[in-house]
Amino acid sequence: MRDILPEGAFWSSFGISRHQMPMVAKSVALGGNVRVGLEDNLYLSRGVLASNGQLVEKARTIIEAMGARILTPEEARKKLNLRKHV
């Protein structure tokens, strides 16, 4: 499906349960963005409950190990043409 997106389209993927972190790696490998959170996965590892922060940190570790980088909030707003709400 990535191949049929318009040029310059922003896309992301997500995985459910134990597939969440493998999808992080696949999305990065294909040039996409990622989304993780408790709404899709409750566990950090088998039998270990996670917090949203722990899932984000695990995803960040995977992303950076693959040579990609995390956008700052300001960079993400600029990329997506969003305004900061105060």
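Taken together, the values in this text are just the output of simple stated rules run on the coordinates, not laboratory data. Predicted, not measured: the structure shown is a model, and the values here were computed from it.
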Straight-line reach check, K79, cutoff 18 Å on alpha carbons, 8 or more apart in-chain or any other chain, hits among aspartates and glutamates -> E7
Taking 0.36 nm per residue of separation between L38 and S17 and subtracting their Cα-Cα distance, the length gained on full extension comes to 6.6 nm
Fraction of alpha-carbon pairs in segment 2-79 farther than 19 Å apart, rounded to whole percent, equals 37
Any aspartates and glutamates whose Cα falls less than 18 Å from that of K84, other than same-chain ones fewer than 8 residues away, would be E74, E75
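K78 to T61: extension gain in nm, 0.36 nm per residue of separation minus the Cα-Cα distance?
3.8 nm
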Helix-only [θ] at 222 nm, the chain, -39500 (n - 2.57) per DSSP H run of 4+, per residue, nearest 500, equals -10500 deg cm²/dmol
Rounded to the nearest 10, the angle in degrees between the Cα long axis of helix 52-65 and the longest principal axis of the Cα atoms of the chain comes to 70
In a Gaussian network model of the chain with springs linking alpha carbons closer than 10 Å, the residue among G67, G31, G15 that fluctuates most is G67
If one compares the long axis through the Cα atoms of helix 20-29 with the longest principal axis of the Cα atoms of the chain, the angle in degrees, nearest 10, works out at 30
